[in-house]
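Below is one structure, written out as structure tokens; the observations come after it.
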Amino acid sequence: MENHHQKATNGFSKPTGYSTAGKVITCKAAVVWVPGEPFVMEQVQVDPPQKLEVRIKILFTSICHTDLSAWKGDNEAQRAFPRILGHEASGIVESVGEGVMDIKEGDHVVPIFNGECGECKCCKSEKTNICSNSGVNGFKKVMTNDGKSRFSTKDGKAIYHFLNTSTFSEYTVLESACVVKIDREAPMKKMTLLSCGVSTGVGAAWNTANVQPASTVAIFGLGSVGLAVAEGARVRGASKIIGVDINPDKFIKGQEMGVTNFINPTEPGKPVHERIREITDGGVDYSFECVGNLDVLREAFLSTHEGWGFTVILGIHAAPTTLPFHPMELFNGRGIIGSVFGGFKGKSQLPHFAIQCMRGVVGLDKFITHELPFEKINDAFQLLIEGKSLRCVLQL
């Protein structure tokens, strides 16, 4: 890891955490000026962290479908431009603001979009990983302290934040509740995946559904999150993991994560839920909807066994929409719930998950399909648009 740290500091003019603390840093960032138009590499100014904030030197960042959706401006109510997107990353703490006690300069960290302040009623409850103060908020575009951005152009124009993180920048400022310290020996490139996709999927299987040994699972949508669910179910000892996707190539990758059966919903035949019921003696124990489509959600719900079947919603659904079934359908004993960040409490639980990944419990290598330099970010987005990548990691 010291090589990474050396590279990070050599990429800037002075050693991290000494000459730059308390000062504005000028660095490179990929800025979106207009929805759907290519990222522009800009020299931006990054202000010092204020109270309970942390400034990080980003080493690696990767691209998620949530970044793609925000780049396209799919949700008009959440649009805010110019903006620095990105929420999966790893890096080194450059400086900390007043009151930050659990993180110091030089710490190896991953940012999280769903923070853990440790003080609110939700954080103090074992029943949820929601945080009332620093939880995920698609509408948030500035820092909580003063309602202002820590990013600006050279002529002083504000550039908005994204999902508490904004990792498509050589330096970024986050609330300390959204910064997780990890083991210094952890491989930083792989740890990038814990910021969102892998934690969300594996956590949904482990924490939200609590998949049991010898149980049956159906996963609708085999992108990074869906495949991470498969990996989590495999580790838990599921006997049958059914992958549902319109891309047959996903089954090849899915087999590496433990997928045992594959269903292509575009192929002629019975509805998907009926096919699943036939091969699982009445339905699966757990289903996971990872697409963000109401028709798919209904199929996932109906694919579970009456009496105890449990559906977890992971796909991001465009508003306004309502659940695609009648309340009386719940009287058959099926349950349904949404999951944010896989149910992980970021600051208190993610460090242990990182250690488990280091020990090989979860295979992170399988999710990194491409690696590119930061300057090739537009190429990386194109790979995701074309369905050619799971995670493309960019090195800054």
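The values are calculated or read from the model by the stated rules, or taken from the named source; none is laboratory data. If you're wondering where the values come from, they're calculated on a predicted model, not measured in any experiment. In this analysis, Cβ positions are derived from the backbone assuming ideal geometry, glycine residues included, and neighbour counts consider all displayed protein chains. Keep in mind that these areas ignore ligands, DNA and RNA; they rest on the heavy atoms of the full protein, side chains included. Shrake-Rupley method; radii C 1.70, N 1.55, O 1.52, S 1.80 Å.
Key figures for this structure:
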item: Sites Met101 and Glu329 - FRET efficiency at Förster radius 51 Å, r taken between beta-carbons, to 0.05; result: 0.55
item: Segment Phe139-Asn264, extension gain: residue separation times 0.36 nm, minus the distance between their alpha carbons; result: 41.5 nm
item: Fraction of accessible area attributable to carbon and sulfur, region 54-100 (%, probe 1.4 Å); result: 42
item: Estimated inter-spin distance, Lys154 and Arg79, nm [label 7 Å along Cα→Cβ]; result: 2.9
item: Links that overshoot a 18 Å alpha carbon limit, given the list Lys104/Lys157; Lys121/Lys347; Lys28/Lys366; Lys124/Lys181; Lys148/Lys376; Lys127/Lys347; result: Lys104/Lys157; Lys28/Lys366; Lys124/Lys181; Lys148/Lys376
item: Region 285-381 - percent of accessible surface contributed by carbon and sulfur, probe 1.4 Å; result: 58
item: Solvent-accessible heavy-atom area per residue, rounded to whole Å², over region 200-340 at 1.4 Å; result: 43
item: Over region 200-340, relative contact order from alpha-carbon pairs under 8 Å, at least 6 apart, %; result: 22
item: Normalised contact order of the chain, rounded percent, pairs of Cα under 8 Å and 6 or more residues apart; result: 16
item: Average accessible surface area per residue within region 122-195, 1.4 Å rolling probe, Å²; result: 42
item: Of Ser199, Pro213, Cys178, farthest towards positive along the dipole that unit charges on Lys, Arg, Asp, Glu beta carbons give region 167-216; result: Pro213
item: Rounded accessible area of Asp47 (nearest 10 Å², 1.4 Å probe); result: 50
item: Inter-probe distance in nm under a simple model that places probes 7 Å from Cα toward Cβ, at Ile279 and Thr26; result: 5.9
item: Fraction of accessible area attributable to carbon and sulfur, region 119-249 (%, probe 1.4 Å); result: 49
item: At most 16 other Cβ within 10 Å, DSSP loop - trypsin sites (Lys or Arg not before Pro), region 338-372; result: Arg359
item: Within region 45-85, backbone nitrogen closer than 12 Å to the virtual label 7 Å beyond the Cα of Glu119 toward Cβ; result: 51-53
item: In region 319-396, GluC sites (Glu not before Pro) in a DSSP loop with at most 13 other beta-carbon atoms within 10 Å; result: Glu386
item: Separation in nanometres of the label points that stand 7 Å from Cα toward Cβ, at Ser348 and Met41; result: 4.3
item: Whole-angstrom gap from region 57-90 to region 263-277, using each part's C-alpha centre; result: 34
item: Most positive-pole-ward Cα, Pro111, Thr311, Asn137, against dipole of the chain from beta carbon charges; result: Pro111
item: Calculated P(r) tail over 27 Å for region 200-340, as whole % of Cα pairs; result: 10
